[in-house]
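Data block below; observations after.
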Amino acid sequence: MPENTTKSSKLLVVGSDPSMLAAVVSVAAANCWLAEIATDAWDSLDKAHVASGFDLLVLDLPKHPSDGLQIIRALRRLHSTLAAVLIGYPSDFERKQEAIHLGVRDYLVRPLQDRELEVAIRRNLQAAASTQPFEGICGYKSLRSLLQSVKEEAERNAIALALEKTGWNRKAAARLLKTSYRSVLYKIEQYQMISPDHAVMPDRPQGAITDVRDSVKAGKPTLEFQRLAGGSFDE
């Protein structure tokens with residue numbers, strides 16, 4: 001896979017060691033990767049909620065063995081396929097085994113060289129890109145979600161066209177679409193469709209009559225009556 005396939009990839013970098021964070025940020029900048037820094041588990045979760053999505057987690061594990069891997073578990077609840085590169089210590093045998101069990105491909109051991117870090121990050125980004133063909137092509141996580149979006153867009157356009165042709169007479173639009181009046185009402189609400197200039201719906205005669213009566217009391221001109229009542233009884 002060409003190297004430019006990982007350009008503009010987004011990294012979530014979690015750690016509290018300034019020197020290690022600086023090393024990761026330096027490697028990211030040299031490769032045009034975007035690096036977002038989080039200093040602890042809560043900070044990483046906040047950033048994961050706000051951001052549109054990260055391609056890779058780079059986790060610098062704290063020296064204390066009771067902390068660290070829960071960050072991966074928590075983030076995987078938000079992004080189940082999130083890849084990760086871990087940086088640990090030579091004595092972290094148990095955490096390394098648990099990380100492998102969680103699907104971590106690269107567990108790097110301090111001290112490490114920038115080149116070693118770069119190779120591990122690139123390898124994981126390329127693996128993630130090859131297993132998610134729709135993510136970088138059209139913005140959808142699966143073919144099913146893409147097809148569903150296309151279907152909904154076509155349905156909305158068809159309803160909008162029928163409403164426009166019938167002057168927003170929803171019963172007439174239902175007949176044109178060969179579907180039920182109730183279905184048209186449901187879809188209008190689902191897609192949050194609003195008639196032009198917010199005019200009274202033509203298949204709501206009682207509401208139109210009320211608006212006309214109110215207009216009479218307010219002394220509105222005859223043309224306004226016609227606008228409010230026009231087509232109201234033509235169902």
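The values are calculated or read from the model by the stated rules, or taken from the named source; none is laboratory data. Owing to the predicted nature of the structure, the values given are computational and were not obtained by experimental measurement. Methodologically, a virtual Cβ is constructed for each residue, glycine included, from the backbone with ideal geometry; neighbour enumeration extends over all protein chains shown.
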**OP:** Test SER52 against the stated conditions and say whether it is under 21 Å from LEU125 (Cβ atoms), buried (at least 18 other Cβ atoms within 10 Å of the Cβ) and either at pLDDT below 80 or in contact with a Leu (Cβ under 6 Å, 6 or more places away or on another chain) (or both).
**Re:** no
Original post:
Name the pairs whose Cβ atoms lie under 7 Å apart, with the first residue in the stretch 17-36 and touching a residue at least 12 places away in the same chain (Cβ under 8 Å), the second among the basic types (Lys, Arg) and surrounded by 18 or more Cβ atoms within 10 Å (Cβ to Cβ), and 6 or more positions between them or separate chains?
Top reply: none
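Taking the stated definitions as given, is ILE72 under 19 Å from ALA128 (Cα atoms), out of contact with any Leu (no Cβ under 8 Å at 6 or more places or on another chain), outside any loop (DSSP other than H, G, I, E, B) and of a type in the set (A, V, I, L, M, F, W, C)? Even if it seems obvious, please write down each step before you answer.
Working: under 19 Å from ALA128 (Cα atoms): yes; out of contact with any Leu (no Cβ under 8 Å at 6 or more places or on another chain): no; outside any loop (DSSP other than H, G, I, E, B): yes; of a type in the set (A, V, I, L, M, F, W, C): yes.
Spelling it out, it is not the case that ILE72 is under 19 Å from ALA128 (Cα atoms), out of contact with any Leu (no Cβ under 8 Å at 6 or more places or on another chain), outside any loop (DSSP other than H, G, I, E, B) and of a type in the set (A, V, I, L, M, F, W, C).
GLN97 - would you say it is in a helix (DSSP H, G or I) and free of Cβ contacts under 8 Å to residues at least 24 places away in the same chain?
On the way: in a helix (DSSP H, G or I): yes; free of Cβ contacts under 8 Å to residues at least 24 places away in the same chain: yes.
Judged against the criteria, GLN97 is a match.
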**OP:** Taking only the stretch 80-101 into account, find how many residues are within 25 Å of GLN126 (Cβ to Cβ) and either crowded, with 18+ Cβ neighbours inside 10 Å or in contact with a Pro (Cβ under 7 Å, 6 or more places away or on another chain) (or both).
**Re:** 9
